[in-house]
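Note sheet for the following structure.
The values are calculated or read from the model by the stated rules, or taken from the named source; none is laboratory data. Note that the structure is predicted; figures quoted are calculated from it, not measured. We place every Cβ from the backbone using ideal geometry, glycine too, and count neighbours over all the protein chains shown.
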Amino acid sequence: MNVALVFNMKKENSEERSARESDPDKRNGNDHTIATAELQKTTADTYAEWDTEETILAVKTALEKHHSVSLIEADEEAYGKLLALQPDIVFNIAEGFRGPSREAQIPAMLEMLGIPYSGSDPLTLGICLDKSRAKEILSYYHIPTPAFHVVDSLLQLDHLSFSLPCIVKPLYEGSSKGIFDASVVRTSAALETQIKKVLEEYKQPALVEQFLEGREFTVALIGNGQNVRVLPIVEICFDSLPQGVNPIYSYEAKWIWDTTENPIDVHECPAKINLELQKKIEKICLDTFRVLHCRDWCRIDIRLDREGNPNVLELNPLPGILPNPEEHSCFPQAARAAGLDYDSMLNEVLNAAIERHNLSN
């Protein structure tokens with residue numbers, strides 16, 4: 001089968017590169033305090049969602065075990081290339097770049113061209129990237145999610161219906177973009193500062209969410225319909241983070257403090273939880289996958305409240321898939337715990353899409 005792999009390749013932010021090259025501690029990710037301070041001054045996470053050349057080539061190699069694979073970058077020329085190539089199916093890992101519809105752009109293009117593709121459709125991708133819209137749907141279906149408020153202006157601060165502490169996030173981002181250690185706020189002054197940062201630097205509304213104090217997990221799913229497979233649950237181990245930081249999977253925790261040169265045990269998979277909690281988390285994730293019409297694969301972030309009840313934080317229908325086990329990418333880690341190596345994991349996702357499109361014959 002002729003498969004087109006459509007992607008965005010990560011570019012390195014100039015401020016991030018200059019800071020690292022000028023200081024050996026920053027090159028090795030050792031100076032947590034300085035790195036955090038610098039990240040708070042700039043949107044150094046601009047390309048965090050995009051894939052490295054290493055990841056793109058690893059995906060290509062995996063799919064080439066069973067198919068012929070062509071590479072197409074998700075830029076302004078993608079439409080013409082897809083139109084000319086007319087692949088049997090597209091394996092889509094493109095995150096896009098501009099606006100809250102960016103993850104939906106390639107799938108919408110493919111639907112216009114009548115080309116089958118892997119993953120969720122444009123509507124689901126757009127809804128899941130807008131955290132508030134996803135949470136509204138979850139609330140309608142009585143799937144627990146933390147209380148939240150969308151803030152477009154500092155004038156709206158008086159309308160919050162829940163108390164501190166809160167966590168402040170950009171409304172339309174993934175890969176922990178815009179979520180720093182300082183994003184957890186416990187005072188009104190800190191709340192205003194973080195909202196202002198999101199509004200000014202990310203040019204989008206801020207999602208102010210009730211901060212849950214419990215454990216955090218992430219859950220990978222593969223398949224469709226009654227064949228959706230829940231992979232072993234990953235726990236985010238906050239006690240492995242630098243002393244004194246907030247217990248969240250922040251941008252610093254994901255991309256700065258945990259490096260291949262200085263790894264930290266930030267994940268545990270399978271998570272050490274009792275069977276009752278495991279079943280609760282799995283059911284909530286399956287329900288979430290279905291009510292938001294996810295397809296083929298997704299990763300869902302879960303956090304426990306004070307009573308130990310699972311709440312959905314957000315969905316990632318285009319999950320990160322770093323190939324190097326030392327980089328602690330959650331979806332591949334869950335797959336390995338389920339007995340799937342990297343190549344088998346990706347081909348299982350593609351096979352789910354092939355079956356869904358009735359292309360297997």
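Condition check ((1) of a type in the set (K, R); (2) touching a Phe, Trp or Tyr at 6+ places or on another chain (Cβ under 8 Å); (3) under 18 Å from Y117 (Cβ atoms)) across all residues:
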site: E314; (1), (2), (3): no, no, no
site: I321; (1), (2), (3): no, yes, yes
site: E348; (1), (2), (3): no, no, yes
site: N351; (1), (2), (3): no, no, yes
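Among the residues making up region 127-145, those that are within 18 Å of the chain's Cα centre (by Cα) and surrounded by fewer than 18 Cβ atoms within 10 Å (Cβ to Cβ) are S132, R133. Checked against (1) of a type in the set (K, R); (2) outside any loop (DSSP other than H, G, I, E, B); (3) not assigned by TED's automatic domain parsing to the domain that holds N316, K254 meets all criteria but (3). The number of residues in region 225-251 that are under 30 Å from E355 (Cβ atoms) and assigned to a loop (DSSP other than H, G, I, E, B) comes to 4. Each residue in region 130-162 was checked for being free of Cβ contacts under 8 Å to residues at least 40 places away in the same chain, within 22 Å of K197 (Cβ to Cβ) and outside any helix (DSSP H, G or I), and 0 pass. Of all residues in region 279-302, those that are more than 16 Å from T218 (Cβ to Cβ) have Cβ atoms under 9 Å from Cβ atoms of residues that are in a helix (DSSP H, G or I) and of a type in the set (K, R), 6 or more apart or on another chain, in R295/R356; D296/R356. Of everything listed in (1) within 26 Å of D51 (Cβ to Cβ); (2) part of a loop (DSSP other than H, G, I, E, B), the single unmet condition for R306 is (1). When we screen L110, L82, L39, L63 for residues that are crowded, with 19+ Cβ neighbours inside 10 Å, over 16 Å from N316 (Cβ atoms) and modelled with pLDDT under 95, the only hit is L39.
Each row is one residue, and each column tells you yes or no for (1) over 26 Å from C166 (Cα atoms); (2) out of contact with any Asp or Glu (no Cβ under 8 Å at 6 or more places or on another chain); (3) in the same structural domain as Y117 (by TED's automatic domain parsing); (4) buried (at least 18 other Cβ atoms within 10 Å of the Cβ).
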{"position": "L286", "(1), (2), (3), (4)": "yes, yes, yes, no"}
{"position": "D305", "(1), (2), (3), (4)": "no, no, yes, no"}
{"position": "S329", "(1), (2), (3), (4)": "yes, yes, yes, yes"}
{"position": "P332", "(1), (2), (3), (4)": "yes, yes, yes, yes"}
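Looking at region 85-101 only, could you name the residues that are on the phi < 0 side of the Ramachandran plot and touching a residue at least 40 places away in the same chain (Cβ under 8 Å)? Selection gives L85, P87, D88, I89, V90, F91, N92, I93, A94, E95, F97, P100.
Considering only residues in region 91-103 that are in contact with an Asp or Glu (Cβ under 8 Å, 6 or more places away or on another chain) and either not in a loop (DSSP other than H, G, I, E, B) or not assigned by TED's automatic domain parsing to the domain that holds M9 (or both), the one that is farthest from T61 (Cα to Cα) turns out to be R102. Being out of contact with any Ser or Thr (no Cβ under 9 Å at 6 or more places or on another chain) and hydrophobic (A, V, I, L, M, F, W, C) is the filter; apply it to region 172-191 and report the residue that is nearest to N316 (Cα to Cα). Among them, the one singled out is L191.
Is region 237-248 home to any residue that is modelled with pLDDT of 95 or more and either among the aromatic types (F, W, Y) or surrounded by fewer than 21 Cβ atoms within 10 Å (Cβ to Cβ) (or both)? Within region 237-248, none of the residues are modelled with pLDDT of 95 or more and either among the aromatic types (F, W, Y) or surrounded by fewer than 21 Cβ atoms within 10 Å (Cβ to Cβ) (or both). For region 307-327, residues that are among the polar types (S, T, N, Q) and either in contact with a helix residue (DSSP H, G or I) (Cβ under 6 Å, 6 or more places away or on another chain) or buried (at least 19 other Cβ atoms within 10 Å of the Cβ) (or both) total 2. Go through region 173-196 residue by residue and tally those that are modelled with pLDDT of 90 or more and outside any helix (DSSP H, G or I). Total satisfying the criteria: 5.
Somewhere in region 207-224, is a residue at positive phi, at pLDDT 95 or above and surrounded by fewer than 23 Cβ atoms within 10 Å (Cβ to Cβ)?
Here is the first cut: in region 207-224, the residues at positive phi are 223.
From what's left, at pLDDT 95 or above: 223.
With the extra rule that they be surrounded by fewer than 23 Cβ atoms within 10 Å (Cβ to Cβ), the set shrinks to 223.
Checked region 207-224: at least one residue is at positive phi, at pLDDT 95 or above and surrounded by fewer than 23 Cβ atoms within 10 Å (Cβ to Cβ).
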